[in-house]
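For reference, the structure discussed in these notes is given below.
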Amino acid sequence: MSTYNEIQCPACSGKIIIDTKLLLSGGNFSCTTMSCNASVSLSNSSYHVANSAMDEFDKIKTAAQLS
Amino acid sequence: MTQLLSMAQQFSGLPIKALIAAPLLAGAEANSKMALSQTEFLLKTCFNTSGSGKDIKYDPRMINMVLTRSVIKPDGSAGTPVETRFDLPLLTILPLNSLAVDEITVNFEMEVKSSFSNDQESSSETESAAEGSFSAKVGYGCFSAEVSGSVSASSKSASSEKSHYEKSNSAKYSITAHAGQLPLPEGVTTIIQAFSQCIAPIQLKAGDKVEGTVSSKPAA
């Protein structure tokens, strides 16, 4: 299952493709617009919230595959 | 001779409805459970709730992101990157997909092979042989007599019988269920789009008033 998601770039309104697993491991994602040099990463203060949500999501995904 | 079984008779007692409907019902039930668990997950993990009963209010749970932009000075040299913090709904970074059983294949194959075969082989063999010999000699004068005889008889009998009976039945029932990803419901897609479009900061001009909840955070 893909863990990619897409958000709008706050700087140019272009696309930023985010891999949630990599984001949680400290990854930095750049805007796909060539001229925009913006990149986003997860703030340390939000790491716990995002990580817990991802754990919960993995649990229901595993349960769904087992059922 | 035993008669072959009627094919129609063989299939008449089969619960075809149950065989086909049961896997489909199981698939529908699994889909329902999956949808319910994903909805519960969304509401529990991605939203903060306030109020109760009919007045329950769901506010999106936000995470803080850091936006880094490079700066190039007028002389072409690299300046210190500028960091901007913005809040993003947690919902937008989760790889949500509607997981569901999208294909169920019921393969029912029943082979009724009823065959009767009776091979009989019988053989009988009789052999008899007889042999006889006799000689006689009679003399007169000095009295001489000679009698000789021989008898021989032989008999042989063999019998064999072979019988072969064959009958077979076979049935095969296989169910293939495949769980795949379905497109997200339109409502969830709309919510995610609305949230992600609110990431961009609102540019205020000189003299604009800041009203209500307008801030650097996206309006949920």
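Residue count for the stretch B:49-80, restricted to those that are assigned to a strand (DSSP E or B), open to solvent by 70 Å² or more (accessible area, probe 1.4 Å) and either more than 30 Å from A:ALA50 (Cβ to Cβ) or touching a residue at least 12 places away in the same chain (Cβ under 8 Å) (or both): 4. Residues that are surrounded by 15 or more Cβ atoms within 10 Å (Cβ to Cβ) and facing chain B (nearest Cβ under 9 Å) within the stretch A:13-23 comprise A:ILE18, A:ASP19, A:THR20, A:LEU23, listed in sequence order. All but one of (1) modelled with pLDDT under 70; (2) part of a helix (DSSP H, G or I) hold for B:GLN193; state the number of the condition that does not hold. Going through (1) modelled with pLDDT under 70; (2) part of a helix (DSSP H, G or I) one by one, B:GLN193 breaks only (1). Here is a check on your reading of the model: is B:ASP102 open to solvent by 60 Å² or more (accessible area, probe 1.4 Å) and either at pLDDT below 85 or in a strand (DSSP E or B) (or both)? Taking the combined requirement at face value, the residue satisfies it.
The values are calculated or read from the model by the stated rules, or taken from the named source; none is laboratory data. Nothing here was measured: the structure is a model prediction, and the numbers come from that model. Because the Cβ atoms are built from the backbone with ideal geometry, glycine has one as well, and the counts that use them run over all protein chains shown. For the accessible areas, the whole protein counts, side chains as well, though only heavy atoms, and no ligand, DNA or RNA atoms are used. Shrake-Rupley method; radii C 1.70, N 1.55, O 1.52, S 1.80 Å.
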